[in-house]
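What follows is one structure encoded as structure tokens, with my remarks underneath.
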């Protein structure tokens with residue numbers, strides 16, 4: 001299988017659903033809807049929703065059972081990027097080669113666009129997910145983006161902005177700012193498929209290791225973070241070690257895990 005072609009097709013399917021869930025940029029108030037759409041459709045890889053979908057499939061679940069939650073995950077990821085880019089946070093002017101939201105729409109509108117995407121994400125789950133499963137998805141996502149997730153990772157990242165990072169602190173930032181949403185994505189896929197506790201646990205841990213490796217590979221590409229502090233060689237070895245651990249967790253699924261393992265290998269070898 002050509003994994004890049006496969007991921008592109010899946011990304012297109014996710015984008016179609018995102019387009020349907022998002023308010024039209026022509027709908028009043030246009031300014032906020034334009035800002036929301038600008039950031040969502042600015043070239044993301046859709047890795048997190050793809051992982052949710054493939055985790056559902058490996059548990060013999062159906063696309064229609066996980067697609068709404070997968071889209072919600074991508075909206076939450078986009079909200080976090082908008083806020084991370086703000087001058088009060090990471091102060092970035094460009095993302096994916098395009099001006100960041102606050103550079104195009106102003107800080108106030110960027111903040112509101114992020115808030116609106118977060119609200120829409122939970123609205124989608126509340127509308128689309130079935131009772132108990134829906135509550136489980138909401139619990140998992142809310143934990144993943146709170147103080148024991150993305151927010152916690154971001155605050156530690158900000159605290160050490162002008163300080164020397166040690167390995168323990170950097171691992172904490174990578175674990176919670178980046179990897180926690182990967183973990184939620186893979187676990188939510190298992191939840192959508194109504195899988196066993198054992199399968200949920202294996203996929204959650206798979207997401208954890210994959211997410212940390214994903215961040216280290218990002219650091220290798222950008223020559224910062226883990227790669228800058230510990231060197232390129234150690235960063236490459238660590239990312240490879242994590243990917244192998246992640247793939248090992250999928251052995252309980254047998255041949256059904258082939259695609260997820262190929263995605264893990266792609267994360268390791270990607271150049272952007």
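Scanning for something part of a loop (DSSP other than H, G, I, E, B) and either out of contact with any helix residue (DSSP H, G or I) (no Cβ under 9 Å at 6 or more places or on another chain) or in contact (Cβ under 8 Å) with a residue 40 or more places away in the chain (or both), does the stretch 207-226 turn up at least one residue? Checking the stretch 207-226: not a single residue is part of a loop (DSSP other than H, G, I, E, B) and either out of contact with any helix residue (DSSP H, G or I) (no Cβ under 9 Å at 6 or more places or on another chain) or in contact (Cβ under 8 Å) with a residue 40 or more places away in the chain (or both). Could you check, for the stretch 31-51, whether at least one of its residues is surrounded by 15 or more Cβ atoms within 10 Å (Cβ to Cβ), free of Cβ contacts under 8 Å to residues at least 40 places away in the same chain and part of a helix (DSSP H, G or I)? Checked the stretch 31-51: at least one residue is surrounded by 15 or more Cβ atoms within 10 Å (Cβ to Cβ), free of Cβ contacts under 8 Å to residues at least 40 places away in the same chain and part of a helix (DSSP H, G or I).
Matching residues to (1) out of contact with any strand residue (DSSP E or B) (no Cβ under 8 Å at 6 or more places or on another chain); (2) over 26 Å from residue 260 (Cβ atoms); (3) crowded, with 23+ Cβ neighbours inside 10 Å; (4) at pLDDT 95 or above:
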residue	(1), (2), (3), (4)
99	yes, yes, no, yes
133	yes, no, no, no
184	yes, no, yes, yes
193	yes, no, no, yes
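Just wondering, is there one or more residues in the stretch 22-30 that are touching a residue at least 40 places away in the same chain (Cβ under 8 Å) and either surrounded by 22 or more Cβ atoms within 10 Å (Cβ to Cβ) or assigned to a helix (DSSP H, G or I) (or both)? Within the stretch 22-30, none of the residues are touching a residue at least 40 places away in the same chain (Cβ under 8 Å) and either surrounded by 22 or more Cβ atoms within 10 Å (Cβ to Cβ) or assigned to a helix (DSSP H, G or I) (or both).
Listed by first and then second residue, the pairs linking a residue in the stretch 83-100 that is assigned to a helix (DSSP H, G or I) to a residue that is at pLDDT 95 or above, with Cβ atoms under 6 Å apart and 6 or more places separating them unless they lie on different chains, are 83/114.
A single entry from 11, 64 fulfils the requirement of being in a helix (DSSP H, G or I), in contact with a helix residue (DSSP H, G or I) (Cβ under 8 Å, 6 or more places away or on another chain), free of Cβ contacts under 8 Å to residues at least 40 places away in the same chain and surrounded by fewer than 19 Cβ atoms within 10 Å (Cβ to Cβ): 11. Taken together, 82, 145, 73 contain a single residue that is at pLDDT 95 or above, within 25 Å of residue 198 (Cβ to Cβ) and out of contact with any strand residue (DSSP E or B) (no Cβ under 7 Å at 6 or more places or on another chain), which is 73. Scanning the stretch 139-153 for residues that are crowded, with 20+ Cβ neighbours inside 10 Å and closer than 10 Å to residue 177 by Cβ returns 149, 150, 153.
Checked against the criterion of being crowded, with 22+ Cβ neighbours inside 10 Å and not in a strand (DSSP E or B), the candidates 116, 121 yield just one match: 121.
The values are calculated or read from the model by the stated rules, or taken from the named source; none is laboratory data. Since the model is a prediction, treat every value here as computed from it, not as a measurement. Cβ: placed from backbone, ideal geometry, glycine included. Neighbour counts: every protein chain shown.
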